[in-house]
Amino acid sequence: MTRWPCWAACALFCLNLPAIAQPSQVVTFEEISPNDLTDGYGGLAGWSGLGGSGIADRDMGGNGLKSFYGHGGVLTFLDSPVRVFGTYYKSYAVDLNEPAFSAVELWYQGQPVASIADPRTPLAMAWLTTNYSGPVDAIRFRGGMEGFSIDDLTYEPMQVSNVPEPAPWALLAAGLGLLARQRRHTVTKVQADHGE
């Protein structure tokens, strides 16, 4: 009796498992001084293009002792594409009579793919996240008239394949079909062995 259908079902199941997850990157600004903030920090480029004073103390807000303070601009991910989970964010001197603006925009291959409106938090930073879980290669920040702060920008590298993957339900159906076939074959063989 051959066991290949069982092995094939296991192989189909394993193919459907995600690749080994790479650890999340959290850009905290805790371990650097303002003069050390250069392209490459946190796996990002474009820090000098955001303007502002750079690293700020806790009085500017933030989750730790330091946060980033800037005026606006784009950061690009050096190991793109990535999946962005979120960031702490606060804008300063926002005109509350104006409609909320897009505080954070996620971009991929030159096109915006998601945006998050300014939460207009009066005192502390707010955690901003999005339902978008696709690839991102750049992130644009905008602030109020006196800029913005961010802290704990969290993301992880992701693999993007040009080869379409089979749908999970199709793999499950194929595996269950192989298991059912194996079971039928085993039952038929047992019945034949017992003269039934």
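The values are calculated or read from the model by the stated rules, or taken from the named source; none is laboratory data. Keep in mind that this is a model prediction, so the values were computed, not measured. With ideal geometry, Cβ positions are generated from the backbone for all residues, glycine too; neighbour counts draw on all protein chains shown. For accessibility, only protein heavy atoms count, side chains too; no ligands or nucleic acids. Shrake-Rupley method; radii C 1.70, N 1.55, O 1.52, S 1.80 Å.
Against the numbered list (1) under 30 Å from LEU123 (Cβ atoms); (2) at pLDDT 90 or above, ALA56 comes up short only at (2).
Evaluating VAL136 against the criteria (1) within 12 Å of the chain's Cα centre (by Cα); (2) over 22 Å from PHE29 (Cα atoms) leaves one unmet condition, (2).
Listed here are the residues, each with its yes/no results for (1) touching a helix residue (DSSP H, G or I) at 6+ places or on another chain (Cβ under 7 Å); (2) open to solvent by less than 20 Å² (accessible area, probe 1.4 Å); (3) not aromatic (Phe, Trp, Tyr).
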site: PRO81; (1), (2), (3): no, no, yes
site: GLY86; (1), (2), (3): no, yes, yes
site: GLU98; (1), (2), (3): no, no, yes
site: PRO119; (1), (2), (3): no, no, yes
site: TYR132; (1), (2), (3): no, no, no
site: ASP137; (1), (2), (3): no, no, yes
site: PHE141; (1), (2), (3): yes, yes, no
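Filter the stretch 95-111 down to residues that are touching a residue at least 24 places away in the same chain (Cβ under 8 Å), under 26 Å from PRO81 (Cβ atoms) and more than 15 Å from the chain's Cα centre (by Cα), then give me how many there are. Total satisfying the criteria: 4. Of all the listed residues (ALA11, ALA93), the sole one being modelled with pLDDT under 75 and surrounded by fewer than 17 Cβ atoms within 10 Å (Cβ to Cβ) is ALA11.
Candidates are the residues of the stretch 112-133 that are among the small types (Gly, Ala, Ser) and closer than 25 Å to PRO157 by Cβ; the one that is nearest to the chain's Cα centre (by Cα) is SER133. Just one of the numbered conditions (1) under 24 Å from LEU37 (Cα atoms); (2) surrounded by 14 or more Cβ atoms within 10 Å (Cβ to Cβ) is not true of TYR108: (1).
For the stretch 17-38, does any single residue satisfy the condition of being of a type in the set (A, V, I, L, M), at pLDDT 85 or above, open to solvent by 50 Å² or more (accessible area, probe 1.4 Å) and part of a loop (DSSP other than H, G, I, E, B)? Looking through the stretch 17-38, none of the residues is of a type in the set (A, V, I, L, M), at pLDDT 85 or above, open to solvent by 50 Å² or more (accessible area, probe 1.4 Å) and part of a loop (DSSP other than H, G, I, E, B).
For SER115, the test of being open to solvent by 50 Å² or more (accessible area, probe 1.4 Å) and not basic (Lys, Arg) is passed.
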